[in-house]
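Notes follow once the structure below has been shown.
FYI, it's all coordinate maths here, none of it is from the lab. Remember, predicted model here, so these are calculated numbers, not experimental data. Methodologically, a virtual Cβ is constructed for each residue, glycine included, from the backbone with ideal geometry; neighbour enumeration extends over all protein chains shown.
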Amino acid sequence: MEGYDGNAPLLATMDPAALVLRPAVLEIAQLGATLGHSLTRFNPRDTSESIHVERVSVATNGEAMAVQFEHAIETSDGIDTTAFTTPVTELLVDDRVQAFAAGLVHEPGASPGQSVPRTTEPGPLTALLVAPERAAAALRDDPGVGVITTRERAIGPAAKALLASDPPMKIHDKPYEVHHRSWRFVQAHLDREIGDKTYRLSGQLIAFLEDGKWSVVSVHYLALL
């Protein structure tokens, strides 16, 4: 993946019905959308100088894959070059991205963001998404599992401890929770209370069925700008 220029799909085709979760945005993907375009769409005048993929982790059950990686990106406005790293999570099924999340690791902001464009009633995954300690207990014992919080990222055994240390949240509005026979995911806006302030986040949790047991394989929280 080194030298990926952002003009071609990185790992798979984006399903047109997928929800794209980015800071302050939860939107429905468009057919033919590319990952590089989605990640570098912060300033329409900027151009992508380089995009490199780093620290890839993969968890699978044979039918679906939860992939986490980091995009090291350089953009230019023609005068100055800006470098930043964006952690990314994709749920891949049959070479199509069913769920996507990309967000900078930083402290939560207070922006309300946008409403979830497609919603469902809260289900069992929503209950795990708002309770990181419970989600950590359900995390699969697998070196390929990954956790991304607003503070940092961890892979494998370290992911459980990082997730368990995150404080609980409340659901802000209705989530989008999808259940398939062998994979499930939820994406939602969340509220975290710290002292007398409430911070808005977004979150994604992916679970797989393997050997008759459901387990969490990926969790991604991102602060809304």
Note to self: Can you sort SER218, SER202 from fewest to most other Cβ atoms within 10 Å of each residue's own Cβ?
What the structure shows: SER202, SER218
Item checked: Sorted by Cβ density within 10 Å, fewest first, the residues HIS179, HIS189 -> HIS179, HIS189
Notebook entry, point to check: Using a simple charge model, +1 on the beta-carbon of Lys and Arg, -1 on the beta-carbon of Asp and Glu, nothing else, what dipole does region 111-216 show about its Cα centre, in debye to the nearest 20?
Noted result: 160 debye
Checklist line | Computed label-point distance, nm, for sites GLU152 and ARG134 using a 7 Å Cα→Cβ extension | finding: 2.7 nm
Checklist line | Sequence of SER215, SER182 once ranked by neighbouring C-beta atoms within 10 Å, starting from the fewest | finding: SER182, SER215
Check: Between ALA127 and THR82, what FRET efficiency comes out of the Förster formula 1/(1 + (r/R0)^6) with R0 = 45 Å and r the beta carbon distance, rounded to 0.05?
Finding: 0.70
Check: Using alpha-carbon pairs under 8 Å, 6+ residues apart, how would you state the relative contact order of region 162-225 in percent?
Finding: 24 percent
